[in-house]
Amino acid sequence: MKKKNRVITSIIFLLILAGIVRADDFLNITPDCTTCVPGYATTWKVRITNKGQDLLTIVQLKLKDGASGQVFAEGNYTHMIKSTSPALRSSLEWAEIRSGESATFTLYGIMPFPNNERELLYEFCRTQATPIHSIGDFGLQREFCYKKNMSLSLFDCKETKECKKSQKCINNLCEDLQCGYCQYTDDHYCYSYECCVDAECFLNETCSNNVCSEVACNEGSIINHTCTSEECAPDEALVDYLCRKLECKGDEYLEDHRCFPLDCGRDEYPFNHSCQKLLCKDDEIYEKQQCVPGECPENSYFSNHTCIGCYFFQNAKSDRCSVNIKLLVLIIFIIIIIMLLKRVMVMVRRVQTRKMTLQLLRVVKKRPPKEEKKEGDPNGPGTAGDKGPDKDDGKKAPGANKGA
């Protein structure tokens, strides 16, 4: 009995080998992705055609990584044929492919990472056996893997987040970001550093670890991102923390690292940071530090590039002021007349004053003197008891006017 079983097992083994030898031209494996990316769930369709054996029995199919040997997709006990053994009261499933027929199987798994640059080298394995229907069980089961590796081109990504932070998904490939000068990559983008050299910071700052930091200067001055006690050259000034050559204007002069305006005289003009003497012509004068034609106003003459004004009692000659005799005589005459008129007015005023005084004296003398009241006289002077002056008083006594 044992010998018979060994013979049967050997025959089955030879049949299996024969099927595997011919398998490289009857196998077709296709993933369900056109752009296959590692890490995604993938369904594989495996089509097997039986070109040699009378009956090919398949128990399990697997796909293995050609480098590590790890299984990444498999299909266990297909549902094509179901056989029940009444004796064992058990149900077993397997697939049978008759000679000349084909069958398609579905395998499930996660797409692995490439093991040959951008390719996945993998191998196909199948477990097959001859079922012993009489006892409801399988005969000898063996797993056979094709020695010839199959290959599949893989892509890096479908989305940028599947790439490294320094990469971006472009055409399903993770491409390194091509950042510009003084930039860094983070979260799939290029960002600029604050600085890479001192020149990119303010002149009172220095670039440290790609960050501009203020220069700590206890003594001296900050010149060109550095704390120093040196001074700028005589013709330079510290401008924005940098020694710069002073460019003074033509009407300015340089002193103590600063530009100052020139204070030129009226007969000078500023030129090349200094005051130069004006070289005017004889008939020109100095005006606003320029030579202008000598047009003097009335009653003035031109002398030494300057208009000399004469007094009102003078006449301007070509080179001097001369006295105006006529005007001077007229002025003296007028002064004399004024003085005489003033004298006459004083005399007239005196005569009038004297005349008025005499008139006042006459008026005073014409008025009678008042008599004093006598004691015991009830009426007093001028009463009815007083006879008063004679009625003939109104007549002037002889010689009265003379007394007056």
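The values are calculated or read from the model by the stated rules, or taken from the named source; none is laboratory data. Bear in mind the structure is a predicted one, so any value in this text is a computation, not a measurement. Neighbour counts are summed over all protein chains in view; Cβ atoms, including those assigned to glycine, are modelled from backbone coordinates with ideal geometry.
Descriptive notes on the structure:
- Total residues in region 299-354 satisfying the condition of being β-branched (Val, Ile, Thr) and not in a helix (DSSP H, G or I): the figure is 3.
- Of the candidates Glu159, Glu205, the single residue that is charged (D, E, K, R) and under 25 Å from the mean Cα position of the chain (by Cα) is Glu205.
- Strands (runs of 3 or more DSSP E) within region 88-139 that include 2 or more residues modelled with pLDDT of 85 or more and in contact with a strand residue (DSSP E or B) (Cβ under 7 Å, 6 or more places away or on another chain): 102-110, 119-128
- Taking region 27-65 as the range and being assigned to a loop (DSSP other than H, G, I, E, B) and touching a residue at least 60 places away in the same chain (Cβ under 8 Å) as the test, the residues that pass are Cys33, Thr35, Cys36, Val37, Pro38, Gly39, Tyr40.
- Whichever residue in region 254-264 is at pLDDT below 85 and either over 39 Å from the mean Cα position of the chain (by Cα) or not in a loop (DSSP other than H, G, I, E, B) (or both) and, among such residues, is surrounded by the most Cβ atoms within 10 Å (Cβ to Cβ): Leu254
- One residue stands out among those in region 265-285 that are among the hydrophobic types (A, V, I, L, M, F, W, C) and part of a strand (DSSP E or B): the one that is farthest from Cys307 (Cα to Cα), which is Phe271.
- Flag for Ser300 being of a type in the set (Ser, Thr, Tyr) and closer than 30 Å to Ile331 by Cβ: yes
- Unique residue being within 30 Å of Glu205 (Cα to Cα) and touching a strand residue (DSSP E or B) at 6+ places or on another chain (Cβ under 7 Å) when the list is Cys264, Cys280, Cys275, Cys259: Cys259
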